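Enquirer: Here it is, the structure in full.
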Amino acid sequence: DITCTVENGLECGTGVVIPSSRQDVVSVDMDRDHSEIAVSGTGANSQTRITATPKNSQEGHLGPGIEVTFEIVSAPTGVKLDGATDPVVALTRNNGSALVTLTAGTVPGTAFIRATAQGVSATTGVSISAGPPAFLECTAPDSVACNATLIGGEVRAYVTDIHHNPVRDGTVVWFTADAGLITGEFDGGGSDETEFGRAFAWYFAPLASECDDWTQSTITFYAGDLVCTRVVYKTEEP
């Protein structure tokens with residue numbers, strides 16, 4: 001308020017309303033540069049920036065200097081915000097947004113991050129995928145019989161990344177055999193797509209007309225640049 005004194009002891013007064021430069025936050029918009037990143041240490045991108053923009057009732061941003069607290073709600077082991085696992089406080093910049101950098105750990109999954117400004121919160125998620133194939137384990141029957149009917153056994157591949165996480169679903173594994181027939185689960189061809197790192201195929205021994213000269217088969221598994229082999233021997237039916 002402003003007051004003044006005039007002649008004869010009379011007073012006058014007036015009021016001045018100073019608008020606040022910090023309007024109330026009614027919502028928080030969140031965004032991220034990448035919705036999916038890879039686990040650390042694989043050579044793929046394992047970081048993404050996450051931004052939070054507090055908004056007023058007119059859906060406008062509130063300018064610089066507003067505190068925003070970012071925290072990990074749930075995440076795979078090793079996920080960090082600006083290098084820390086504790087909540088991080090960042091100030092909005094001139095464009096009205098505050099930001100942090102999320103870095104993946106060595107375990108795949110989904111990280112959920114919450115941003116809070118003046119008690120108003122929003123949450124966003126970032127998917128963390130396994131790395132490319134780094135290890136390939138394979139199994140096959142020790143032996144199969146060779147006769148007039150198709151007799152064989154299941155062969156299996158298990159593919160993991162450098163941290164021994166199962167590779168992402170849909171990674172293609174190829175199977176070949178130097179004798180007999182091998183068929184994968186995918187489209188009936190010689191391949192299969194992984195699920196939880198595992199892929200399967202079925203090996204069939206040569207038919208009876210080829211049995212006399214057949215003693216063993218080498219089955220080869222391929223996943224990316226990885227190769228694994230197993231030998232299946234001929235066994236006579238009882």
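The values are calculated or read from the model by the stated rules, or taken from the named source; none is laboratory data. The shown structure was predicted, so the numbers you read here are calculated from the model rather than taken from an experiment. All Cβ positions, glycine included, derive from the backbone under ideal geometry; neighbour counts span all protein chains shown.
Enquirer: Of the residues that make up segment 72-87, is at least one in contact (Cβ under 8 Å) with a residue 12 or more places away in the chain, more than 17 Å from Ser46 (Cα to Cα) and buried (at least 18 other Cβ atoms within 10 Å of the Cβ)?
Expert: No, because not a single residue in segment 72-87 is in contact (Cβ under 8 Å) with a residue 12 or more places away in the chain, more than 17 Å from Ser46 (Cα to Cα) and buried (at least 18 other Cβ atoms within 10 Å of the Cβ).
Enquirer: Moving on to the next point. Specify which of the listed residues (Gly153, Gly189) is assigned to a strand (DSSP E or B), of a type outside the set (Phe, Trp, Tyr) and over 24 Å from the mean Cα position of the chain (by Cα).
Expert: On the way: Gly189 fails: assigned to a strand (DSSP E or B).
The match here is Gly153.
Enquirer: Out of Val73, Val107, Val100, which single residue is at pLDDT 95 or above, under 30 Å from His163 (Cβ atoms) and touching a Leu at 6+ places or on another chain (Cβ under 6 Å)? First the steps, then the outcome.
Expert: Working: Val73 fails: touching a Leu at 6+ places or on another chain (Cβ under 6 Å); Val107 fails: touching a Leu at 6+ places or on another chain (Cβ under 6 Å).
Exactly one residue qualifies, and that residue is Val100.
Enquirer: OK, next. Which residues, taken from segment 103-119, are in contact with a Pro (Cβ under 9 Å, 6 or more places away or on another chain) and either under 17 Å from Ser40 (Cβ atoms) or part of a loop (DSSP other than H, G, I, E, B) (or both)?
Expert: If the condition is that a residue be in contact with a Pro (Cβ under 9 Å, 6 or more places away or on another chain) and either under 17 Å from Ser40 (Cβ atoms) or part of a loop (DSSP other than H, G, I, E, B) (or both), then Ala104, Gly105, Thr106, Val107, Pro108, Gly109, Thr110, Ala111, Gln118 are the ones that fit.
Enquirer: Filter segment 88-104 for residues that are touching a Gly at 6+ places or on another chain (Cβ under 6 Å) and crowded, with 20+ Cβ neighbours inside 10 Å and give the result.
Expert: none
Enquirer: Since Thr92 meets every condition but one in (1) more than 17 Å from Ser27 (Cβ to Cβ); (2) in contact with a strand residue (DSSP E or B) (Cβ under 6 Å, 6 or more places away or on another chain), which condition does it not meet?
Expert: Checking Thr92 against (1) more than 17 Å from Ser27 (Cβ to Cβ); (2) in contact with a strand residue (DSSP E or B) (Cβ under 6 Å, 6 or more places away or on another chain), the one that fails is (1).
Enquirer: Quickly run through segment 10-42 and pick out the residues that are more than 21 Å from Thr110 (Cα to Cα), outside any strand (DSSP E or B) and modelled with pLDDT of 60 or more.
Expert: Selection gives Gln23, Asp24, Val25, Val26.
Enquirer: Pull up segment 150-170, narrow it to residues that are hydrophobic (A, V, I, L, M, F, W, C) and within 30 Å of Arg32 (Cβ to Cβ), then point me to the one that is surrounded by the fewest Cβ atoms within 10 Å (Cβ to Cβ). I'd like the intermediate steps shown before the answer.
Expert: Going through segment 150-170, the residues hydrophobic (A, V, I, L, M, F, W, C) turn out to be 150-151, 155, 157, 159, 162, 167.
Retained after the next criterion (residues that are within 30 Å of Arg32 (Cβ to Cβ)): 159, 162, 167.
Working: Val159: 27, Ile162: 17, Val167: 27.
The extreme case among them is Ile162.
Enquirer: May I ask you to list the residues in segment 120-149 that are part of a loop (DSSP other than H, G, I, E, B) and surrounded by fewer than 16 Cβ atoms within 10 Å (Cβ to Cβ)?
Expert: Across segment 120-149, the qualifying residues are Asp142, Asn147, Ala148, Thr149.
Enquirer: Suppose the filter is of a type outside the set (A, V, I, L, M), in contact (Cβ under 8 Å) with a residue 12 or more places away in the chain and touching a Ser or Thr at 6+ places or on another chain (Cβ under 6 Å); does Gly170 pass it?
Expert: no
Enquirer: Of Trp214, Trp202, which residue is assigned to a loop (DSSP other than H, G, I, E, B) and either buried (at least 17 other Cβ atoms within 10 Å of the Cβ) or out of contact with any helix residue (DSSP H, G or I) (no Cβ under 8 Å at 6 or more places or on another chain) (or both)?
Expert: Details: Trp202 fails: assigned to a loop (DSSP other than H, G, I, E, B).
After applying the criteria, what remains is Trp214.
Enquirer: Say whether the condition of being charged (D, E, K, R), on the phi > 0 side of the Ramachandran plot and at pLDDT below 95 is met by at least one residue in segment 204-221. Explain how you work it out, then say what you get.
Expert: First, pick out the residues of segment 204-221 that are charged (D, E, K, R): 210, 212-213.
Retained after the next criterion (residues that are on the phi > 0 side of the Ramachandran plot): none.
Scanning segment 204-221 turns up no residue that is charged (D, E, K, R), on the phi > 0 side of the Ramachandran plot and at pLDDT below 95.
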